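Novice: Structure provided below as structure tokens; questions to follow.
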Amino acid sequence: MNHLEKLENQSIYIIREAYKQFKDIALLWSIGKDSTTLLWLCRKAFYGKIPFPVIHIDTGFKFPEMYKFRDEWAKKLGLNLIVGKNQKALDKGITCCMDDQMTCCKYLKTEALKQIIEKHKFKALIVGIRRDEHGVRAKERYFSPRDEEFKWNYKDQPPELWDQFKSKGKEDDHLRIHPLLHWTELDIWRYIRKENIPTNKLYFAKNGKRYRSLGCTRATVAVNSKADTVDKVIKEIKTTKTAERSGRAQDKEKAYIMQKLRSLGYM
Amino acid sequence: MEKEDMKIVIVGHVDHGKSTLIGRLFFDTDSLPKEKKREIESICKDKGKDVEFAFVMDHLEEERDQGITIDTAQTFFKTKKRNYVIIDAPGHKEFLKNMITGASQAEVAILIVDGHEGVQEQTRRHAYILSFLGIEQVIVVINKMDLVEYSEEIFENVKEKLLSFLKKINIKSSYVIPISSKQGDNVSKKSKSIDWYKGKTILESLDTFYKQEASNNKPLRFPVQDVYKIDDKRITVGKVESGMLEVGEEIVFLPTKKKTKIKSIEVFEKKKGKAESGESVGITTTESIFIERGEIVCKASESVKLSDEFKAEVFCMSKKPIKTNEEITLRCTTQEVKCSIKRVLRKINSSTLKIINEDVNELKETETGEVIIKTKKPVVIEKFKEIPELGRFVFVRNSNTVAGGIVREVI
């Protein structure tokens, strides 16, 4: 097996472990390249038909291209799509980046997700985070428990060895499952090329700019780039010295904001 | 060309310089993103400190404030030969389960010792865990040589003590290197201050290590993970732990002893004639038989022993001790059975290796025991030395992993 095949096989194993343990499980799909890769792996794990719902948390402030992409591919792949939106907060006038990143991420993402979990009684969520994205994410486990407040107790995480993953304890509200934890940004793009996975056109350069990581319109900045094909993106990432999430406000507004967001239940 | 990946764990006593070494490796291999550098610089400035390499890895707030690593974390750096994934494991005793989590994923290890302080409690315990986990490729680095004026005598002294300990636990260290992470001596560049040392730098040593080969030549073990009904097919899915699957092969499911033949190997939108170890695949069989998770597919032509009693080395990670005759869940691949420790033959302090004579009917946190385990139902279990994937297991109590175990002898 080559490198990408090893990554793929390990992820499929984890996805199948998750589904074996939880029937009330869902995949979080942000429409970005990572969770779309994860969607692809879930299709492979279950021979074409994903046996659980796919959730998109819609802050109401995503790029129009993202909504279009979502609806097109949800239909093509026959997904059971659930869209989660914190309408109450939006009605109250909470908007993206109103004063600080903590507030809008909390209400429009974390709260919206809480509402969906409560409504559908999900016991586990499959999430496409990777260790190389951010220092805090590097500390995650494949199976990571959250309490009823969604809190991630990073100080006391369960041991995880030899592919023996945590099962849900009485004290856990739900488990986050991270089948892409061991992938890097470059791995993702190489796999996208190999498998011909659909990716949003926002990732490719137009007028000298492209998005490397996608979030809300107001919290995401495009980077300077001439990479307008998957091959060129791969070439660019190989040599870049810029961090992948450099265009994402929640990662750098304050030193520990990502850590705080994650411990409060952010993805 | 894609470069291969290799996972290294860096272990050692608290404050002996693991995080600083990692920062240095990133810095010297030019693997730090610009923002990260800036972020580190700005945080250090906020705290009124000089830039510290250790902050590259220690991302959590508490870790920065106290300057210690709490959990295991992973990052990446490159050499000409390959990409390395670094697993940073915490040195504090109370974070031992995090250290084991990190180390269990590693292929090679760097054991770091402070040349000034010498071998300490966690140096020995971590070395012991490397040996327990079966990590054979180990580099020893003696750090902070700048604080002892690059003294060869001090180096030789620490080296001798450590090597005699490592010998007891069967670790043959390939390299022992005097370094200073802070000054950059012998990490990626040969040190001018340590002219008496003629050996390799850390990076040169790492590049000589080899990748573990797939266990294709071993007997077939394909643990059943789940059974899916896809259209009109029943597909038994799992990961080939050792050996190879082949269409047409006569197989037996254990422990139920049901025999059949492999009709097809199923991966999405592809047909396969064979599947090698490490692959997650599905099979269909010529006879339709009822199969459940936890059964192990083996070749019908090979004799496989079913056991309900075996000798193992168990490392306890639970605050609440594990008592003899306590009913506990054992998981080995997808097998899950109730079992108990029948007898503790011997238990030792995992740091000093001294035999513990008190409370010999239980294993306490960080203690290791040579024990006899009795399972309620027969399982397919192997000596770790023969098929490692089937020779390691965990104990689970109330949905938490509380111990790891290595099979030494099947009775």
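Novice: Mind telling me which of the residues B:LEU345, B:LEU330, B:LEU353 ends up being modelled with pLDDT of 90 or more and over 17 Å from B:LYS376 (Cβ atoms)?
Specialist: That would be B:LEU345, the only listed residue that is modelled with pLDDT of 90 or more and over 17 Å from B:LYS376 (Cβ atoms).
Novice: Further question: For the condition under 12 Å from B:HIS16 (Cβ atoms), aliphatic (A, V, I, L, M) and either touching a strand residue (DSSP E or B) at 6+ places or on another chain (Cβ under 7 Å) or not in a helix (DSSP H, G or I) (or both), what is the one hit in B:ILE112, B:ILE139?
Specialist: Answer to the check: B:ILE112.
Novice: Let me ask another. Scanning for something of a type in the set (Ser, Thr, Tyr) and either closer than 23 Å to A:PHE143 by Cβ or within 14 Å of chain A (Cβ to nearest Cβ) (or both), does region B:386-404 turn up at least one residue?
Specialist: Yes, some residue in region B:386-404 is of a type in the set (Ser, Thr, Tyr) and either closer than 23 Å to A:PHE143 by Cβ or within 14 Å of chain A (Cβ to nearest Cβ) (or both).
Novice: Are there any strands (runs of 3 or more DSSP E) wholly within region B:205-317 with 2 or more residues that are within 14 Å of chain A (Cβ to nearest Cβ) and not aromatic (Phe, Trp, Tyr), and if so which?
Specialist: Result: B:222-230, B:233-239, B:258-267, B:270-272, B:280-285, B:307-316.
Novice: Among (1) open to solvent by 40 Å² or more (accessible area, probe 1.4 Å); (2) in the same structural domain as B:GLN105 (by TED's automatic domain parsing), where does B:THR256 come up short?
Specialist: The one condition B:THR256 does not meet is (2).
Novice: Across region B:268-290, which residue is farthest from the chain's Cα centre (by Cα) among those that are surrounded by 19 or more Cβ atoms within 10 Å (Cβ to Cβ) and of a type in the set (A, V, I, L, M)?
Specialist: Residue satisfying both the conditions and the ranking: B:ILE283.
Novice: Right, something else. Among the residues of region A:141-158, write down those that are at the interface with chain B (Cβ under 8 Å from one of its Cβ atoms) and open to solvent by 10 Å² or more (accessible area, probe 1.4 Å).
Specialist: Scanning region A:141-158 gives A:TYR154, A:LYS155, A:PRO158.
Novice: Take B:SER303 and decide whether it is free of Cβ contacts under 8 Å to residues at least 40 places away in the same chain, polar (S, T, N, Q) and open to solvent by 70 Å² or more (accessible area, probe 1.4 Å).
Specialist: Yes; evaluated as a whole, the condition is true for this residue.
Novice: When you go through (1) touching a residue at least 12 places away in the same chain (Cβ under 8 Å); (2) out of contact with any Phe, Trp or Tyr (no Cβ under 6 Å at 6 or more places or on another chain); (3) more than 26 Å from B:VAL304 (Cβ to Cβ) one by one for B:GLU358, which number turns out not to apply?
Specialist: Of (1) touching a residue at least 12 places away in the same chain (Cβ under 8 Å); (2) out of contact with any Phe, Trp or Tyr (no Cβ under 6 Å at 6 or more places or on another chain); (3) more than 26 Å from B:VAL304 (Cβ to Cβ), only one is false for B:GLU358: (1).
The values are calculated or read from the model by the stated rules, or taken from the named source; none is laboratory data. What you see is a predicted model; the values in this text were computed from it and never measured. Heads up, the Cβs are rebuilt from the backbone with ideal geometry, glycines too, and the neighbour counts pull from every protein chain shown. Please note that ligands, DNA and RNA were not included when accessible areas were found on the heavy atoms of the full protein model with its side chains. Shrake-Rupley method; radii C 1.70, N 1.55, O 1.52, S 1.80 Å.
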